[in-house]
1. Let me spell it out: the conditions are (1) farther than 30 Å from residue B:152 by Cβ; (2) open to solvent by less than 10 Å² (accessible area, probe 1.4 Å); (3) under 44 Å from the mean Cα position of the chain (by Cα), and residue B:376 meets all of them except one. Which number is the exception?
2. Determine which member of the set A:196, A:213 is among the β-branched types (Val, Ile, Thr) and open to solvent by 60 Å² or more (accessible area, probe 1.4 Å).
3. Within the range A:37-62, which residues are assigned to a helix (DSSP H, G or I) and open to solvent by less than 40 Å² (accessible area, probe 1.4 Å)?
4. Checking residue B:350 against (1) touching a residue at least 12 places away in the same chain (Cβ under 8 Å); (2) surrounded by fewer than 17 Cβ atoms within 10 Å (Cβ to Cβ); (3) in a strand (DSSP E or B): exactly one of these is not met. Which one?
5. Being facing another protein chain (nearest Cβ under 7 Å) and either surrounded by fewer than 16 Cβ atoms within 10 Å (Cβ to Cβ) or not in a loop (DSSP other than H, G, I, E, B) (or both) is the filter; apply it to the range B:434-450 and report the residue that is nearest to the chain's Cα centre (by Cα).
6. Is it the case that the range A:80-90 has a residue that's modelled with pLDDT under 95 and in contact with an Asp or Glu (Cβ under 8 Å, 6 or more places away or on another chain)?
7. Can you spot a residue in the range A:182-191 that is touching a strand residue (DSSP E or B) at 6+ places or on another chain (Cβ under 8 Å) and either surrounded by 14 or more Cβ atoms within 10 Å (Cβ to Cβ) or touching a residue at least 60 places away in the same chain (Cβ under 8 Å) (or both)?
8. Criterion first (more than 21 Å from the chain's Cα centre (by Cα), of a type in the set (Phe, Trp, Tyr) and closer than 30 Å to residue A:144 by Cβ) does residue A:162 satisfy it?
Amino acid sequence: MNPRPLWQIMVLFFLIALAPVHCEALDTQRDVARANDLYESQRFQEAAKIYESLVGQGVQNGYLFYNLGNAYYRQGKKGLSILNYLRAQQLLPRNADLQANLNYATQNTEDKIAPKRSGILRNLFFWLDSINRNENLLALALANFLFWTSLTLWLIYRNRVFDILRKTALALTLAGLISNGAMSYLDFGSRNQRGVVLTKLVEVKSSFGKGHVTLFRLHEGAVVSILGEKDQWNQIQLEEDKKGWTLKTALGAV
Amino acid sequence: MRFYLISRYCAYILCGLFLTAALPAAQVYAKEIGLTASVDKTEISLEDSVNLSIAVNGVKTAPSPALPDLKDFDIRSTGTQTQVQVINSQVSKSIVFTYNLVPQKAGQLEIGAARLELDGKIYSTKPIIVTVKQVAAQSRSGRLVFAEASISKNKLFVNEQAIYTFKLFRRVNARNINLKQTFDGFREEPLGQDKQYSQVVDGLQYNVYEVSKALFPSKVGVLEIPPSRVDIDILIQDKSRSHSDPFFDRFFNDPFFGGTSSAHKTLRTSTIQVEALPLPEQDKPAGFSNLVGQFAISARLGKHELEFGDSTTLTLTISGKGNVYDIPTPNLDVLDQFKVYPDQPDFKKWIDGKNLAGGKTFKWALVPLRDGDLQVPPISLSYFDPAAGKYITRQTKKISLKITQAPAREKLKIVQAPQSAIAPQAPEVKILGEDILPIHTRLSDFSNQALTGPRRNYLWAAFLAPVFLFCGTAWWVRHKDRLKYDLAFTRNKNAYRSAKKRLQKTQSAGNGESIVEISKALREYVGDKLNLPGAAFTPVEVELKLREKRFPEESAKSMRALLEKCEEIQYRGGAQRPVASDKLIEESFEVLEKLEKKL
């Protein structure tokens, strides 16, 4: 028997590896179609339940969070709506419809606190607001590919073009690494997490504990920065340097 | 407490002993101040250098000694070392200043006395004579490194182009290559990038570094191109560090891993004489501007028909081979017809075959002074063609222009629109209500964006695949280089294949020389495998060599036995040599395979 050519084995291996991803995508699309039909028939609660179950299964998709935000908004749950819009924004940073709905939902809250993101690092890495984590990682993978490929070509041909190319690609790879590091810090850094008030009204205390002085009140849909936690309490900060403690159950972390 | 006291007493005793030993030593410093000079070699060739060490003995610190006039040498590098010696409890200290001297000429060269003033007393060294021998012109054969220079023409006209080629040949790794060339009496122009390639000289492969220059003699007479001088540090492999395995030899003998020592060489090419002839006075055209070579001239006009008042551009290009930087600005005789606005000429040079070529482009904006039919007269260029040995004048064609009278221009009517007509009306759309935008319905957009499971694996593969590609290529390039440059490795790699081929040929031929062929194939296999010169080994030597190289004892013995068997058959038959049996050939194959497997 002739041995099977290597490329045939590689294609087979690739198809087998791809099969679970394809099946998973088909299941997700079927559930989303059902939820969308329910939404169109104004059965927003049932639609939101299906969207939530997909999120619970580990599906991370910007449009799914967007639709879930819409479903909650239709139910009058502005806090959950803004929370899901913000989650969607991390995956679809350039989507105009999402931005419009987020602005609209924010304008319809009591406090009208728009989710702003600022800081030296964010200003320095200004492009991070326009790309998502996957795109940032893909750019790094491309730069990495370009670097190693140009390095390989330079090793074979040793000419000026590939020398310049490999140095440029190295600079791009380093820039990609720094960009990914900055994004991870900004998204997951201990002082960079954002939260949305989910209850109708929440009292922000001077310290963790119900007996402390109430500093100010926030209403559903207000976006705050979560600075830390202690027991059942989160330390939060508003944009205008107002800090305080509130119950964890009143907040949803983005 | 008691232990502490004992320790303290011991410390006092040790300090006392040290001071007792140190005091006389300090006196020794004062007594033995001296200045000595020494060289590492007293007989060298003009290519080598000599290390001069000037030691100041008996002092802790000393200023640099004043060196004698070393006009016959170039001083390359300096360094300072401090040496401390303890002999019979006497400490002697010296500071050694080292200089690397590169001789400038052959003969008995004197390194004069170096002087040093210390505490008002002057110390000096004894002069040293160094014999510097001329390098034999024919001695390039087998050398590790040598340099050559040549010129394309030894007899040429002033301003005619000649190609000077310098080549550095080396068989060893080298660094700090510094080339010095002077071309007094010539104008020099580089001819492209320096080249690097391999060349076989007298059966040995050399890496060649080639520099070419276009030279143009600037005066008449016999001119001398002084020797090109190249300073180079060659890296020589330390024999003590050589490994039995050629792979490791090559890998670890890389300068990065050490194992090499450096030797400085100063190579000089021979002086080249060139006779520069004057340009002939006969038939020299008027306005000739020392342009020598082969040139062409062309002219082009932007527009041939234009209205009076408009301008057109005249472009003139002179290009060719020779002293292109001497291309003159041509005389444009059109001032009675045009107002002329010259542009900055554009000069470019390039390599045409092995010659320097170039061109100058001149541009003039011409504004006609009157209407009607005008003409740009021919523009001429004279140059001397050394190949034809005569002056040549080339000229452009006459260019005609037609200038028409411009039609009367329409008068500009300036009107202003009323403000009310310009100001845009703001749209007055009444917002009746607001709502969120609808949900997203394109199902294909709902794929999971999370990097988990297979997606994460693909990402890792995307990151790692080019790294593996690079590693594989690096291995391949290194392997290819070894096959190209490492003779031992190539012999080792091809040994089995060559031997097998030879045995198969012998098997199919089956003639009277077959035993000799088998024996030869086996010996050559051993020679190639172990990188030994030739193939004239006795069976005992073969066994010993194989054992030395840590081949299994059993395989070495088998090889010896086989070779002895071949010899026995070979010499047993007398005049009529017996044909090798298939069994013997099969046995040879087995022994070779066994040796290959054991590697």
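The values are calculated or read from the model by the stated rules, or taken from the named source; none is laboratory data. The structure displayed is predicted, hence computed values, not measured ones. Counting neighbours? That spans all protein chains shown, and the Cβs are built from the backbone with ideal geometry, glycine included. With ligands, DNA and RNA removed, areas are computed over all heavy atoms of the protein, side chains included. Shrake-Rupley method; radii C 1.70, N 1.55, O 1.52, S 1.80 Å.
1. All conditions pass for residue B:376, except number (3).
2. Values: A:196 fails: open to solvent by 60 Å² or more (accessible area, probe 1.4 Å).
Among A:196, A:213, only A:213 is among the β-branched types (Val, Ile, Thr) and open to solvent by 60 Å² or more (accessible area, probe 1.4 Å).
3. Residues satisfying the conditions are A:38, A:39, A:44, A:47, A:48, A:50, A:51, A:54, A:55, A:62.
4. Of the numbered conditions (1) touching a residue at least 12 places away in the same chain (Cβ under 8 Å); (2) surrounded by fewer than 17 Cβ atoms within 10 Å (Cβ to Cβ); (3) in a strand (DSSP E or B), the odd one out for residue B:350 is (1).
5. So the first thing to find is which residues in the range B:434-450 are facing another protein chain (nearest Cβ under 7 Å), and the list is B:434, B:436-437, B:439-441, B:443, B:445-450.
If we keep only those that are either surrounded by fewer than 16 Cβ atoms within 10 Å (Cβ to Cβ) or not in a loop (DSSP other than H, G, I, E, B) (or both) too, we end up with B:434, B:437, B:441, B:443, B:445-446, B:450.
On the way: B:434: 74, B:437: 67, B:441: 64, B:443: 61, B:445: 56, B:446: 58, B:450: 51 Å.
The qualifying residue nearest to the chain's Cα centre (by Cα) is B:450.
6. yes
7. No, every residue in the range A:182-191 fails to be touching a strand residue (DSSP E or B) at 6+ places or on another chain (Cβ under 8 Å) and either surrounded by 14 or more Cβ atoms within 10 Å (Cβ to Cβ) or touching a residue at least 60 places away in the same chain (Cβ under 8 Å) (or both).
8. Values: more than 21 Å from the chain's Cα centre (by Cα): yes; of a type in the set (Phe, Trp, Tyr): yes; closer than 30 Å to residue A:144 by Cβ: yes.
Against the criterion (more than 21 Å from the chain's Cα centre (by Cα), of a type in the set (Phe, Trp, Tyr) and closer than 30 Å to residue A:144 by Cβ), residue A:162 qualifies.
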